[in-house]
Amino acid sequence: MARSVIFLVAIFLSFCILSCIAQQQPCTTYKFSNNKQFSSYSDLPVLSSSLYWNYHPLSSRVEVAFRHTGVTGRRWIAWAINPTSGGMIGSQAIVSFQRTDGSLAVYTSPITSYGTRLEQGNLSFPVLELSATNQNNEMIIYASLELHGNISTVNHLWQVGPMSENTLMMHSVAPSSPNVKSMGSLDFLSGRIKATRSSSTTLKNVHGILNTVSWGILMPVGGVIARYLKRFESAGPLWFYLHVSCQLLAYILGGLSGFGTGIFLGIRSHGMEHSCHKIIGIVLFCLATAQVFGGLVRPDKDSKYRPFFNWFHFLAGCSTLILSIFNIYKGFDILHAARFWRLTYSGTILTLLLVTLLLEICTRWCLPITKHSMSNTVDKNTSTVAAVAAMEV
């Protein structure tokens, strides 16, 4: 009995020890080649990276080591603190890469725009004991930071990107890429790291959704309603209210909200230019504004200017439709949207085209034939009634 109890207790303790080992973060047992030791560490959530540090509260000095593993080719790595916000602009970065001659570059770089080339420059706080290593398929940056003020919690970012000769190339900016998720808040005292989502990425997605729904779906639907539904006499004034509702909603979502978010993104994204997408967006806003407010000065049906207005309204509508579809696909390219979203939108546009074709056939050929047949039937019935009345007389 005693042996059984001891055996069960041993199994239980072994299980507890194995659980602790399994939950222990990988970087706890890591030994640095320069024999540096750090009291705190954290495995970062993306990009196969870890951060080690010693924090001295009295002097606000932090000794850090940023480690990136799985290095199979030449690339650059960077770790940064942003004292002003949680985004990229304003970050104070430390960068390292291997030159073509095999030597290792390590320097500081303040980031002032999204189009940064990570040029060398002084940071907003002193950086001492700066060095780096590249061996055993891993790159490590060492530094000692003297932070301003008695702060223990900071916003930090880390990045990895490709190289072309000795030039640092742009990292991936696709929404699903880990490169757009490599940021968070770091508490040097508690060791807690909280990942955060870039506000600019969220705003870009909102901008894309607003414009896709408004210009890419509501605007074509409104055009189809205006062109075909009014040909059905049973529709009455319903077609007009549906058309106006679609156009106004599209203008509010795309012309005002979508255009506004686009301007805001352009102001925030210093150094990132999408000229074609931006110019088409401005043209679309002008055309949509002319369409919406042009309806307020529409000439009467008997006016000699009405044909000119109708042609302007038709051409402006067609131009808006074509440009909006083109610009939505440009937006997909800019956001590196997944293939699913491209296929979904393409399927929506093809469905609208098919509905338009069927309505064209129905209203141009089927509906006139039906009306002509009904007219002949009415005429025959009228003739028959007249003949019967004459015979009775």
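The values are calculated or read from the model by the stated rules, or taken from the named source; none is laboratory data. Treat the numbers as computed from the prediction; the structure is a model and nothing was measured. Quick reminder, even Gly has a Cβ in these numbers, built from the backbone with ideal geometry, and neighbours come from all protein chains shown. Just so you know, the surface numbers come from the protein's heavy atoms only, side chains and all, with ligands and any DNA or RNA stripped out. Shrake-Rupley method; radii C 1.70, N 1.55, O 1.52, S 1.80 Å.
Just the accessible area per residue of the stretch 199-365, please: how many Å² with a 1.4 Å probe? Before the final figure, lay out each step's value.
Values: 10040 Å² over 167 residues.
In whole numbers, the stretch 199-365 has 60 Å² accessible per residue.
Of the accessible area of the stretch 32-195, with the probe set at 1.4 angstrom, what percent is carbon plus sulfur?
Numbers: 3640 of 7550 Å².
Carbon and sulfur together cover 48 percent of it.
Can you give me the accessible area per residue for the stretch 130-173, using a 1.4 Å probe, in Å²? If you can, show how the numbers build up before the last one.
Details: 2050 Å² over 44 residues.
Roughly 46 Å² per residue, with all protein chains present.
If you count only protein heavy atoms and use a 1.4 Å probe, how large is the accessible surface of Phe259, to the nearest 10 Å²?
50 Å²
How many percent of the alpha carbon pairs in the stretch 199-365 exceed a separation of 21 Å? Working shown, then result.
Working: 7073 of 13861 pairs.
Tail of the P(r) past 21 Å holds 51 percent of the pairs.
Calculate the dipole size of the stretch 199-365 relative to its Cα centre from +1 charges on Lys and Arg beta carbons and -1 charges on Asp and Glu beta carbons; express the result in debye to the nearest 20. The partial results should precede the final answer.
Values: 14 positive and 6 negative charges, 15 e Å.
That gives a dipole near 80 debye.
Once ligands and nucleic acids are excluded and a 1.4 Å probe is used, how much of His56 is accessible, expressed in Å² to the nearest 10?
Surface open to solvent at His56 totals about 70 Å².
At what distance in nm do the modelled label points of Thr348 and Phe125 sit from each other, each positioned 7 Å from its Cα along Cα→Cβ?
4.5 nm
Between Arg99 and Ile334, what is 0.36 nm times their sequence separation minus the Cα-Cα distance? Round to one decimal in nm.
Details: separation 235, 0.36 × 235 = 84.60 nm, distance 3.03 nm.
In short, 81.6 nm is gained.
Arg117 to Leu358: FRET efficiency via 1/(1 + (r/R0)^6), r the Cβ-Cβ distance, R0 51 Å, to the nearest 0.05? Please list the in-between numbers first.
Values: r = 54 Å, r/R0 = 1.06.
Taking R0 as 51 Å, the efficiency between Arg117 and Leu358 is 0.40.
By how many nm would the segment from Thr202 to Phe32 lengthen if fully extended, with 0.36 nm per residue of separation less the alpha-carbon distance? Kindly include the intermediate steps, with their values, before the conclusion.
Values: separation 170, 0.36 × 170 = 61.20 nm, distance 3.82 nm.
That pair, Thr202 and Phe32, stretches by 57.4 nm at full extension.
For the stretch 32-195, what number results from the quotient of the Cα radius of gyration and 2.2 N^0.38 Å?
Values: Rg = 14.8 Å, N = 164, 2.2 N^0.38 = 15.3 Å.
For the stretch 32-195, the normalised Cα radius of gyration is 0.97.
Rounded, prolate or oblate: which fits the stretch 72-151, taking a ≥ b ≥ c as square roots of the Cα gyration tensor eigenvalues, rounded meaning a/c under 1.5, else prolate when a/b beats b/c?
Prolate shape, in that a/c is at least 1.5 and a/b is the bigger ratio.
If r is the Cβ-Cβ distance from Cys318 to Val297 and R0 is 30 Å, what FRET efficiency results, to the nearest 0.05?
Numbers: r = 21 Å, r/R0 = 0.68.
Given R0 = 30 Å and the Cβ-Cβ separation, E is 0.90.
Let's test the formula: R0 of 45 Å, r as the Cβ-Cβ distance of Ser172 and Leu249. What FRET efficiency results, to the nearest 0.05? Please report the intermediate quantities before stating the final value.
Working: r = 35 Å, r/R0 = 0.78.
Between Ser172 and Leu249 the formula returns 0.80.
Checking a compactness column here: for the stretch 312-355, what do you get for Rg(Cα) / (2.2 N^0.38 Å), N being the number of residues?
1.31
From the protein chains alone at 1.4 Å, what is the descending order of accessible area for Tyr142, Tyr55, largest first?
On the way: Tyr142 5, Tyr55 35 Å².
Ranking Tyr142, Tyr55 by accessible area, largest first, yields Tyr55, Tyr142.
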